[in-house]
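A short write-up of the structure that comes next.
The values are calculated or read from the model by the stated rules, or taken from the named source; none is laboratory data. These figures come from a predicted structure and were not determined experimentally. Neighbour counts are summed over all protein chains in view; Cβ atoms, including those assigned to glycine, are modelled from backbone coordinates with ideal geometry. To get the accessible areas, we keep the full protein, side chains included, count just its heavy atoms, and leave off ligands, DNA and RNA. Shrake-Rupley method; radii C 1.70, N 1.55, O 1.52, S 1.80 Å.
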Amino acid sequence: MTALNLPKVILGTSCLGNLYVALPYEIKCAIVSAYIKGSNPDEPVFFDTAGKYGAGLALECLGKCLRDLKIESSAVSISNKLGWLRTELTGTEPTFENGVWKELKYDAVQKISYDGILECYEQGNMLLQSYQANSVSVHDPDEYLASDAKGDSQRYQDIMKAYVALKELKAAGKVNSIGVGAKNWQVIARICQDIQPDWIMIANSMTVHSHPKDLLGFIKRMKFQGGHVINSAVFNAGFLIGGSHYNYRYVDQKTPAGKRLHLWRERFFKACASYNLTPAAVCAKFGIAASGISSIALSASSLEHIEQNIGLIHTYIPKSFWHHLYQENLISEEGLNMTFGF
């Protein structure tokens with residue numbers, strides 16, 4: 001495995017791809033600028049992006065922002081999660097994650113194979129233009145497997161062939177690290193049995209709302225093996241801080257599941273308010289608490305939020321607050337034990 005120097009807070013770029021809202025370019029550029037200015041000068045300026053984000057729009061926008069800000073390519077590290085290729089938009093909405101991405105001009109299709117992953121890599125660098133991804137991974141292998149249960153064996157081999165391509169890129173010096181990112185952490189664990197990624201990115205999986213005991217054990221094992229773990233979507237795609245979508249799906253309060261989620265959030269907000277804490281700070285601190293997590297990836301849809309995000313992990317949270325969450329059945333015993341290291 002490659003030793004990596006990752007910052008504690010990585011900027012997720014889904015907002016540059018018009019996630020939930022189509023921001024003006026000026027605001028997007030200001031967000032990128034604020035992240036760069038607020039970053040620790042002793043750590044790399046690290047961006048997490050993907051071809052799936054806005055069907056390549058996030059890649060395109062990130063490259064343009066960096067160029068307009070006159071940032072040297074050597075001053076930034078870019079992680080591009082590969083597996084989704086920009087294609088022509090034939091309808092009014094993209095065919096992936098309907099209702100989530102706004103005002104897109106292109107569609108994207110999943111292409112996970114030896115040739116497909118290389119095609120995604122080349123397209124990603126083309127969209128970045130003056131910049132290149134120096135860290136790459138297979139994006140959403142869990143979705144790829146789930147889309148055809150009958151073909152699981154063949155599709156898993158497609159994923160393994162994609163990693164052959166990634167390893168070749170690394171051996172050729174075109175990238176310096178390879179990883180895997182998925183919402184289903186069990187698929188990540190399965191892949192890690194066959195390859196040794198330099199890092200993994202878990203999404204929507206280890207949050208203050210959901211933190212399975214088995215996942216916490218897996219994270220510890222990854223640390224023992226020398227791998228880096230990046231925790232992303234610690235707000236469960238915005239729901240835990242007031243958004244309307246949980247893990248990128250709209251929450252209908254009229255359904256039993258929607259009612260449970262809204263009730264949990266109401267009680268969580270009340271607990272945070274009683275200690276004068278913001279839900280965002282609590283989510284971020286909890287998201288980086290598990291032993292083995294190196295960094296958290298945070299996205300922002302405003303300049304104010306990006307400035308707040310950079311400092312979230314430094315918020316002081318008393319141990320009594322975590323006990324309060326446990327007593328209110330808002331976190332599990334394992335979640336409480338995680339916080340002892342603060």
Per the rule of 0.36 nm per residue minus the C-alpha distance, extending Gln186 to Val109 adds in nm 25.4 nm
Whole-Hz Karplus couplings 3J(HN,Hα) for region 299-309, θ = phi - 60° and coefficients 6.51, -1.76, 1.60, Gly and Pro as x, run 10, 8, 10, 8, 4, 4, 5, 5, 5, 5, 4
Expressed to one decimal in nm², the mean projection of the alpha carbon convex hull of region 273-332 is 4.7 nm²
Per residue, the convex hull enclosing the Cα atoms of region 232-304 spans a volume in Å³ of 107 Å³
Under 5 Å from the placed amide H of Ser291, counting only residues 5+ away or on other chains, we find none
For Ala108, other-chain or 5+-apart residues with amide H closer than 5 Å (H placed, Pro excluded) are Thr87, Thr95, Phe96
As a percent rounded to 5, the proportion of antiparallel DSSP bridges among beta bridges in region 190-342 is 20 percent
For region 150-225, the Kirkwood Rh over every pair of distinct alpha carbons, in Å, works out to 13.6 Å
As a percent rounded to 5, the proportion of antiparallel DSSP bridges among beta bridges in region 1-116 is 45 percent
Per GNM of the chain with C-alpha springs under 10 angstrom, the most fluctuating residue out of Gly173, Gly181, Gly83 is Gly173
Once Lys and Arg are counted +1 and Asp and Glu -1 for all other residues with Cβ under 10 Å from that of Ala189, the total becomes +1
Residue-normalised value, i.e. accessible area per residue, for the chain at 1.4 Å probe, in Å², stands at 45 Å²
Plugging the Cβ-Cβ distance of Lys167 and Lys37 into 1/(1 + (r/R0)^6) at R0 = 45 Å yields, to the nearest 0.05, a FRET efficiency of 0.80
Probe 1.4 Å, all chains present, heavy atoms only: Thr95 accessible area in Å², nearest 10, is 100 Å²
Bridge orientation stat for the chain from DSSP, antiparallel percent rounded to 5, came to 20 percent
A convex hull over the alpha carbons of the chain yields, per residue, a volume in Å³ of 138 Å³
In region 173-281 the accessible area split gives carbon plus sulfur, as whole percent at 1.4 Å, a share of 51 percent
Rounded to the nearest 500, the 222 nm mean residue ellipticity computed for the chain from DSSP H runs (n ≥ 4, each -39500 (n - 2.57)) alone is -12500 deg cm²/dmol
Under the Karplus relation with 6.51, -1.76 and 1.60 and θ = phi - 60°, whole-Hz ³J(HN,Hα) for region 236-241, x at Gly and Pro, equal 6, 6, x, 5, 5, 10
Under a 1.4 Å probe, counting only protein heavy atoms, Leu330 has an accessible area in Å², nearest 10, of 10 Å²
Any trypsin sites (Lys or Arg not before Pro) in region 211-296 that lie in a DSSP loop and have at most 14 other Cβ atoms within 10 Å would be Lys254
Hits in region 277-305: amide N under 18 Å from the 7 Å Cα→Cβ extension of Gln327, namely 277
Exposed GluC sites (Glu not before Pro) being those in a DSSP loop with at most 15 other Cβ atoms within 10 Å, the longest stretch of the chain free of them is 104-327
Here the tail fraction of P(r) beyond 16 Å, over all Cα-Cα pairs of region 41-147, rounds in percent to 57 percent
Note: Val21 to Asp148 extended length (0.36 nm per residue) minus current alpha-carbon separation gives 42.6 nm
Of the accessible area of region 23-147, computed with a 1.4 Å probe and all protein chains kept, carbon and sulfur make up a percent value of 49 percent
Here region 165-182 yields Karplus 3J(HN,Hα) values (6.51, -1.76, 1.60; θ = phi - 60°; whole Hz; Gly and Pro given as x) of 5, 5, 5, 5, 4, 5, 5, 7, x, 7, 9, 9, 7, 10, x, 8, x, 7
Length gained if Leu303 through Ser130 is fully extended, taking 0.36 nm per residue and subtracting the Cα-Cα distance, is 59.8 nm
Taking N as the number of residues in region 110-269, the ratio of its alpha carbon radius of gyration to 2.2 N^0.38 Å works out to 1.16
Amide H contacts under 5 Å for Tyr246, restricted to residues at least 5 apart in sequence or on another chain and with H modeled in the peptide plane, are Val251
For region 98-151 (alpha-carbon point model, no solvent) the Debye-based log₁₀ I(q)/I(0) at q = 0.18, 0.21, 0.22, 0.26 Å⁻¹ works out to -0.81, -1.01, -1.06, -1.16
The answer for the net charge of residues other than Val9 whose Cβ lies under 13 angstrom from its Cβ, with Lys and Arg +1 and Asp and Glu -1, is -1
